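The values are calculated or read from the model by the stated rules, or taken from the named source; none is laboratory data. The model shown is predicted, which means the values in this text are computed figures rather than measured ones. Note: ideal-geometry Cβ built from the backbone for every residue, glycine included; neighbour counts use all protein chains shown. Ligands, DNA and RNA are stripped out before the accessible areas are found, and what is left, the full protein with its side chains, is counted by its heavy atoms. Shrake-Rupley method; radii C 1.70, N 1.55, O 1.52, S 1.80 Å.
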Number of protein chains: 2
Amino acid sequence: MASDGHSESTPTNGVVQSLLTDLYEVTMAYSYWKNGKQNCHAIFDVFFRKNPFEGEFTIFAGLGEVLKLLQNLKYTKSDIEYLKSILPTDTEEDFFNYLAESDGRGIKLYSVEEGTVVFPKEPLLRVEGPLPIVQLLETPILNLVNYASLVTTNAARFRIAAGEDKKLLEFGLRRAQGPDGGLSASKYCYAGGFDGTSNVLAGKLFDIPVSGTHAHSYIMTYTGLSDLVLRTLPLISKPEETVDFVTVCEKWKQKVFCCLTISNGQANEGEFAAFIAYSMSFPERFLALLDTYDVLKSGLPNFCAVALALNELGYKAIGIRIDSGDLAYLSNEIRAGFQLISKEFDVPWFADLTIVASNDIDEETLLSLNQQGHSIDTYGIGTHLVTCRKQPSLGVVYKLVQVDGLARIKLSHDVAKVTIPGQKLLCRLFGKDGHALLDLMLKGEEQIPEVNQRVLCRHPFEESKRANVVPAQVEVLQKLFFEDGKVCHPLPSLKDIKERVQTSLKSLRNDHKRALNPTPYKVSVSNNLYQFLHDLWLDNAPIGELS
Amino acid sequence: MASDGHSESTPTNGVVQSLLTDLYEVTMAYSYWKNGKQNCHAIFDVFFRKNPFEGEFTIFAGLGEVLKLLQNLKYTKSDIEYLKSILPTDTEEDFFNYLAESDGRGIKLYSVEEGTVVFPKEPLLRVEGPLPIVQLLETPILNLVNYASLVTTNAARFRIAAGEDKKLLEFGLRRAQGPDGGLSASKYCYAGGFDGTSNVLAGKLFDIPVSGTHAHSYIMTYTGLSDLVLRTLPLISKPEETVDFVTVCEKWKQKVFCCLTISNGQANEGEFAAFIAYSMSFPERFLALLDTYDVLKSGLPNFCAVALALNELGYKAIGIRIDSGDLAYLSNEIRAGFQLISKEFDVPWFADLTIVASNDIDEETLLSLNQQGHSIDTYGIGTHLVTCRKQPSLGVVYKLVQVDGLARIKLSHDVAKVTIPGQKLLCRLFGKDGHALLDLMLKGEEQIPEVNQRVLCRHPFEESKRANVVPAQVEVLQKLFFEDGKVCHPLPSLKDIKERVQTSLKSLRNDHKRALNPTPYKVSVSNNLYQFLHDLWLDNAPIGELS
């Protein structure tokens, strides 16, 4: 698979290299090394502070790529040479030797499973290892988790807004933030709940269903029937027998135009020819774009004529796509046209032809379409989905929580920015009805809460917010995924991740998931962790002086 | 250079492959091929309809990567196999042979130079060649131009907002939309007017200055002076003579704390130790992050103590960085502190230490800081810059304008979406003072306007908007860059592009560039093109029927 730049164990994208990091990670690594801290055992937590898109949940993604980064961690000769050229000339040679010999063997990575619903302040990843090396990993890990989680969450939100019965296709490659933005969007949108993509490379690399038919440009290359060089198509039942398909189309055109009360001058002849040409190339996959000229006066009658001609030969057309105008109104008018034709010509399946809509759709458009009533079966969604226009970055951070067994806390005037120190366990407690009740962080050495036993769960910062919880089920969310230079936990396939997203979301109460004013989900700490956190906080906070 | 995934003629990113396209480009290509259109000569224009960020200009970028795409256009055996697996089984074998033999040799690419200021409706690229092949190029070309132009424009706007005398550093890698989003952001932000990046790989691949020092985590690994394992530093004038640097720092700490009226309990001891350790690793590049604990009560005095100790040994510190709080207020207080210390201890350069600010800065923050008054010298900018939060996609489109010598027009109810048909020339007309007056599109066969000769320039759609223009200088904006499978015009270096951005922006009047209510720049058509466009429009628009 090397020719595709893709395999199970190397990063999907060749630019994911050890040098894809911020310079300050390198200068810090040098200073740690120089000051005798190269063997300090550090623990960093990866988390975010606020759910994106004004929502109350986030889907974690990007772990697979992080693991590939760890597996391939090394500094090449040319990397070292470049680093020498930018660091001061008195930087010690031994540091470069240290880097040249570094790899991922000292790293332990604990992580939530990809595709799990997660919440602010929770350690999604816990990275443990020699201080300089885990420091160097900060930037690439954040880069790989940030967008992956953001766009997966976005896709999951679009899925919720569209409803389970609609088909969702990702069409964002052209508007994505670069080639990789496009490629990872296709992958993670599929994980988040989309059914397919227009992106052929994503289809090839990740085994995602791909779809697509034609654009306006295709229609515009035809000016009339005289442009057609092929005229015949075989009957589906008797492939050896061909008929003059263009004549069949012309016959149906007269019938359809009469039925839909369209005059000949209204419909575009070039579009009619283009539909015929396209349907002859893909007689079993005929889906036509209706809005090059006029959806209802040209696109719809031209399509129906060709689709009925195909039907006469035994082929079933798939449907149509609209890419402009009032999608609710147009889709309803088109459906009415299909129903009329279905009855008039006694072709039952014609009433249920697929209607695809694809014009600059965002989450709000989907919600509004549902309210208005529409006849759309499939959405093609691009820009808003892949660029996450509503909020184009998640703000994942990588914070030091422990060095050589001693917990570290980062204080801030803003309580939301105070870190939760030390090595922690993360559990999800479920109620009897299978819904998640809350998440609980414990100190690393604490016992996991037992099923049907009462456990005190506290708000990490607000003293009076406490609850006794009796879980019917307890799930430990973080697992050890990487150790001794190797992935040590089976990695799910993209389809498994996709399934996990839906299972995980289903366990969440609907009020956490609704678009308007969702209820925040509770992330709590154990009493032990609460005490530990607050003791450390007081130890580290200076006493103010007023005079 | 292959080991870096980077060379002059292959795409920077390995995922830029022929299959990085939408499936409908492939199905259209097949249908063109099957319907005898494989040798049709098509022309597509690449343009956008609206300047981004509520502005009135855009910087064109991405050409270099588009040319690499064209140079490397080919379908591998595994690509063809994949396509066979997703297209209908009756797809003709000869089509796959046609694809397997395809390359960029039939393509001609005309383009505006990378780094040029451009405007809505202007053809940035003109792609000519066999219809199926130029159709297949639609998606990857849009992908490569869209984000590149958007982020270059964003960077240019940040540069205008910050002013010419400030240093701008791009810090966006961790928040970018994937690894490539980060890497191209670093490249194009440099082109757009930034001075450097934190991204080491971008530094290596594109020869961009890199910068960075340390993060909060570095500070937090130290709890006090007892953590220091090194104590000595050589004198800069006598490298053979070392002094106990920690003791010197402690001495200066007392003096500084007295001068700044700080009590010992207020400043954090771990931070003091961390500054000492870091400065001993980089004695000639000491720049400290002040806001791990308290900027004015801890970070500032600790920094000044260490910087003055360095000064005693002959080293000049560089300055400080703040990453939270009120940047205007804090930077002024810090500057005042530096000035006080400078006077008190007679260290003149201390007053001018560099102040770097870097907390979630956007264009509006820069404008507001200028209004408030501040003492910041350098901005480190991440999320808003690289994700283009204000508008994360440019909306570049690829439209058919001619087939086999016959112009094509795409009509729309929305006049802004009507395309300008046919092969066109694009010129910029300049006035005597060197400022650009307007841009003019002509029909392909028209004469370029002559200097000092009057030329009628018309609004493309509004009949009454016309002006006679006498240009003092005329620049043809589109040049032939690719022909016969080869780049045929010298490609500028990244530094040349960076220079062109500034030259091009300087030729634009300030009112087009201001942040609030900028004046739209005029993009006009020649009288010939106007007539041609409107004749074709009437020929193609159906006559409505009311009854």
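By Kyte-Doolittle mean hydropathy of at least 0.0 and Cα axial length of at least 30 Å, which whole DSSP H helices of chain B are selected? Taking the DSSP H segments of chain B (at least 30 Å long, mean hydropathy at least 0.0), we get B:138-162. Loop-located GluC sites (Glu not before Pro) across the range A:138-196 with a Cβ neighbour count of 14 or fewer within 10 Å are A:E164, with loop assigned by DSSP. Across all directions, the average flat footprint of the convex hull enclosing the Cα atoms of the range B:87-162 is 7.0 nm². Database remark: amide H of B:S524 closer than 5 angstrom to the amide H of B:D439, B:L440, B:M441 (H placed geometrically; neighbours at sequence offset of 5 or more, or on other chains; Pro and chain starts carry no H). Report, to one decimal in Å, the Kirkwood hydrodynamic radius for the protein assembly as shown based on all distinct Cα pairs. Every distinct Cα pair counted, the radius reaches 31.5 Å. Set against the 2.2 N^0.38 Å expectation for a compact globular protein, the range B:125-181 has a Cα radius of gyration ratio of 1.60.
Rounded to the nearest 5, the antiparallel percentage of DSSP beta bridges internal to the protein assembly as shown is 70%. Coupling constants for the range B:419-435 follow from the phi torsions by the Karplus curve (6.51 cos²θ - 1.76 cosθ + 1.60, θ = phi - 60°), and in residue order they are 8, 9, x, x, 6, 10, 9, 10, 10, 10, 9, 10, x, 4, 7, x, 7 Hz; glycine and proline get x. Put a plus charge on the Cβ of each Lys and Arg, a minus charge on the Cβ of each Asp and Glu, and nothing anywhere else: the dipole of chain B about its Cα centre is then about 920 debye.
In this calculation the C-beta distance from A:N517 to B:R49 is compared with R0 = 41 Å, giving a FRET efficiency of 0.70.
Rounded to the nearest 0.05, what FRET efficiency is calculated for A:L225 and A:Q372 with R0 set to 30 Å and r the Cβ-Cβ distance? Working from the Cβ atoms, E equals 0.20. Per-residue surface analysis assigns A:W349 an accessible area of about 60 Å², computed on protein heavy atoms at 1.4 Å probe radius.
Expressed in units of 2.2 N^0.38 Å, where N is the residue count, the Cα radius of gyration of the range B:205-293 is 1.22. Measuring how big the range A:157-210 is from its alpha-carbon positions, Rg and Dmax come out at 10.6, 32 Å. Evaluated at q = 0.09, 0.20 Å⁻¹, a Debye calculation over the C-alpha positions of the range A:1-149 (equal weights, vacuum) places log10 I(q)/I(0) at -0.31, -1.25.
When the charge dipole of chain B is built from unit charges on Cβ atoms (+1 for Lys and Arg, -1 for Asp and Glu) and taken about the Cα centre, the candidate among B:T223, B:F272, B:S184 whose Cα reaches farthest toward its positive end is B:S184. In the range A:94-231, the inverse of the mean reciprocal separation of distinct Cα atoms equals 18.6 Å; this is its Kirkwood hydrodynamic radius. Each Cα pair of chain B feeds into the Kirkwood radius, which the Stokes-Einstein equation turns, at 4 °C and 1.567 mPa s, into a diffusion coefficient of 49 µm²/s. State log₁₀ I(q)/I(0) for the range B:70-123 at q = 0.16 Å⁻¹ as given by the Debye formula over alpha-carbon point scatterers of equal weight, solvent excluded. Values, matching the q order: -0.66. The Cα-based radius of gyration of the range B:457-547, divided by its Kirkwood radius, gives an Rg/Rh of 1.10.
Rounded to two decimals, the Cα radius of gyration of the range B:403-497 over 2.2 N^0.38 Å is 1.31. Normalised by residue count, the range B:341-493 yields a Cα convex hull volume of 265 Å³ per residue.
In the range A:305-348, the ratio of gyration radius to Kirkwood radius, Rg to Rh, stands at 1.02 when only Cα atoms are counted. Working value for the range A:348-429: equivalent-ellipsoid semi-axes of 48, 16, 12 Å, each the square root of 5 times a Cα gyration tensor eigenvalue, largest first.
Label-to-label distance for A:D433 and B:N452 is 8.6 nm, based on points extended 7 Å past Cα in the beta-carbon direction. Considering only DSSP beta bridges with both partners in chain B, what is the antiparallel share in %, to the nearest 5? That works out to approximately 70 percent antiparallel.
From a point 7 Å beyond the Cα of A:Q531 in the direction of its Cβ, which residues of the range A:383-413 have a backbone N at a distance under 20 Å? Output list for this probe position: A:406-409.
Length available on full extension from B:T247 to B:E101: 0.36 nm per residue minus the Cα-Cα distance, which gives 45.2 nm. Computed from point charges on the beta carbon alone (+1 for Lys and Arg, -1 for Asp and Glu), the dipole magnitude for the range A:297-437 about its Cα centre is near 980 Debye.
Among B:K390/B:K522; A:K167/A:K251; B:K74/B:K108; B:K50/B:K410, which pairs are too far apart, with a Cα-Cα distance over 28 Å? Those over the limit are A:K167/A:K251. The calculated FRET efficiency for B:Q502 paired with B:D207, based on their beta-carbon distance and R0 = 22 Å, is about 0.75. Kirkwood's formula applied to the C-alpha pairs of the range B:258-363 gives a hydrodynamic radius of 13.8 angstrom.
Inter-label distance, B:N468 to A:E164: 7.3 nm, where each label sits 7 Å from its Cα along the C-beta direction.
Take each residue in B:385-393, count the other chain C-beta atoms within 10 Å of its C-beta, and the mean is 6. Toward the positive end of the charge dipole of the range B:409-528, about the Cα centre and with charges on Cβ (Lys, Arg +1; Asp, Glu -1), which of B:N528, B:A467, B:T503 goes farthest? Towards the positive end, the residue furthest out is B:T503.
In chain B, the calculated helix contribution to ellipticity at 222 nm averages -11500 deg cm²/dmol per residue, counting -39,500 (n - 2.57) for every DSSP H run with n ≥ 4. When Rg and Dmax are taken over the Cα atoms of the range B:316-379, they come to 12.2, 38 Å.
Just need the Rg to Rh number for the range B:167-256, please, alpha carbons only, Kirkwood Rh. We get a ratio of 1.17 for the range B:167-256. Taking the Cα centre of the protein assembly as shown as origin and assigning +1 to Lys and Arg Cβ atoms and -1 to Asp and Glu Cβ atoms, the resulting dipole is close to 1120 debye.
Annotation: per residue accessible area for the protein assembly as shown equals 37 Å², rounded to a whole number [probe 1.4 Å, protein chains only]. Note on the range A:433-481: the C-alpha convex hull projects to 4.4 nm² when averaged across all orientations.
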